[in-house]
Amino acid sequence: MRVLRVGQLDSELLDQELVSLLQQPIQSALSQVSASLHRRFQPEITLFIQLVLYRFSVWSYGASYGAKLQGLRYVHPKSTAFGIPKKVLAMHGALTIVLPYIHSRIRAYGLSRAWPDAPSSDRRRKTWEWLVSLESSYGALGLISFVTFLWNGHFRSIADRMLNMRLVPSQRLVTRDVSYEFMNRQMVWHAFTEFLLFFLPLINRRKLQRRFNRLTSTLAAPFSSKSTSSSKAKSRGKYHSLPDNLCAICAENASLSLNNIASAANAANIFTHTTSQEGAGEDSDGVPAYPIYTPYITSCGHIYCYHCIADRMLRTADESGENDEGWECLRCAEIVTSADRYLVEFNEEVEIDDQFDFDFSPTRGSDEASFFGRGRRGSEYDFSDLDLESESNLSESLSVGYTSLSGLSSSED
């Protein structure tokens, strides 16, 4: 029966792939012990794997694993009911496994001892030339044998031709249909991996995690014994007791910083106050611990630094997306939808031509604040007739809106 040449060549390729596949875990394990260990003993590792595979395939069943996958097996003219004679199999294993190992070791030994560079009269140089001539002769014989194999389809290698071992179908009735199952499986897996590489970057992991945590907390709420207290605490943020003239985001950043322990301790002391008292959140010099620079008022009515509120809202928008909720205020725990510049407008009737030094500190013991400025000529001016935007709550507007400007002055050009 005629055997397909492609099946015989594929069986040899499958055997080589199996050997290389088994070498990888051994080499990776040896590389953990020593970086050069697997390179030194790579021929021995290959020899050991090939001998083990030959023992449990050709020696036992008369066919290699690649030949079994192609539905082929070895036959010999002297084959019996028990298979090919063991003497023939031993010679076949020596020619296909042991002899290539000896050749690779002799060649590596000669190169390490500089046999090609020895004098022409030296024994080592003659041995090297003899080895090179054998390699050339073997290559020429291999080419002739392969061309003959392509011509008649018999004897895939020189060893098979020398021992008269042929590959024949393992069954009498053989279907010559080519199976594309393996190719189809590879194509499906390749398309699936490409789909995952395209789809996974589109998934927002943090958004899914927050929704999952929210769902679990909602499901666990009826079974919690502190559901009433948690609902009451929901209306107040983590920094609800922080004085209004301090930035809650700056205080949170300072409390979370591991490089500034003193600031964290100061922030912890500030948060324990239940009511905001006069002078709260200031150090010994009267300077606020976390002043508000460039104040911006949120949609819930609380004031933060421009840099702080812009950074939090942009970061939340990038992480959450358009469909998710926004950033929660640290004082009232409400969702912040917008933030505008916090301004105190002066009356248009008052014209100020000179540059002044302002003192915005409120007068102690009174409900109103006195404003004084010093002009270029050194004379004092009274700004008690200025009309602020929130005239009824003057003290609170000044303490919240312009605390960060306390002590600042505009110098003369």
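Data for the structure
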read-out	value
Subset of segment 114-172 [touching a residue at least 40 places away in the same chain (Cβ under 8 Å), more than 23 Å from HIS103 (Cβ to Cβ) and outside any loop (DSSP other than H, G, I, E, B)]	LEU150, ARG166, LEU167, VAL168, PRO169
Verdict on HIS190 being assigned to a loop (DSSP other than H, G, I, E, B) and not polar (S, T, N, Q)	no
Qualifying residue in segment 113-131 (condition: surrounded by fewer than 12 Cβ atoms within 10 Å (Cβ to Cβ) and within 21 Å of SER11 (Cβ to Cβ))	no
Hits in segment 17-68 (condition: in a helix (DSSP H, G or I) and under 12 Å from GLY93 (Cα atoms))	LEU47, GLN50, LEU51, VAL52, LEU53, TYR54, ARG55, VAL58, TRP59
Residue within segment 47-67 that is assigned by TED's automatic domain parsing to the domain that holds GLU129 and under 26 Å from TRP128 (Cα atoms) present	yes
Test for GLU319: is it at pLDDT below 75 and closer than 26 Å to ARG214 by Cα	yes
Criterion: surrounded by 13 or more Cβ atoms within 10 Å (Cβ to Cβ), of a type outside the set (S, T, N, Q), modelled with pLDDT under 95 and touching a Leu at 6+ places or on another chain (Cβ under 8 Å) - qualifying residue of GLY71, GLY153	GLY153
Cβ pairs under 9 Å, 6+ apart, first in segment 305-325 and over 13 Å from THR337 (Cα atoms) and outside any helix (DSSP H, G or I), second modelled with pLDDT under 85 and not basic (Lys, Arg)	CYS305/TYR290; CYS305/SER404; GLY321/ASN204
Selected residue (only one of GLY93, GLY7 is buried (at least 18 other Cβ atoms within 10 Å of the Cβ) and in contact with a Phe, Trp or Tyr (Cβ under 9 Å, 6 or more places away or on another chain))	GLY93
Test: residue in segment 209-228 that is in the same structural domain as ALA289 (by TED's automatic domain parsing), at pLDDT below 80, surrounded by 12 or more Cβ atoms within 10 Å (Cβ to Cβ) and not hydroxyl-bearing (Ser, Thr, Tyr)	no
Any chance SER36 is out of contact with any Ser or Thr (no Cβ under 6 Å at 6 or more places or on another chain), surrounded by fewer than 17 Cβ atoms within 10 Å (Cβ to Cβ), touching a residue at least 60 places away in the same chain (Cβ under 8 Å) and among the polar types (S, T, N, Q)	no
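The values are calculated or read from the model by the stated rules, or taken from the named source; none is laboratory data. Fair warning: this is a prediction, and the values are worked out from it, not measured in the lab. Positions of Cβ are generated from backbone atoms using ideal geometry, with glycine treated the same way; all protein chains shown enter the neighbour counts.
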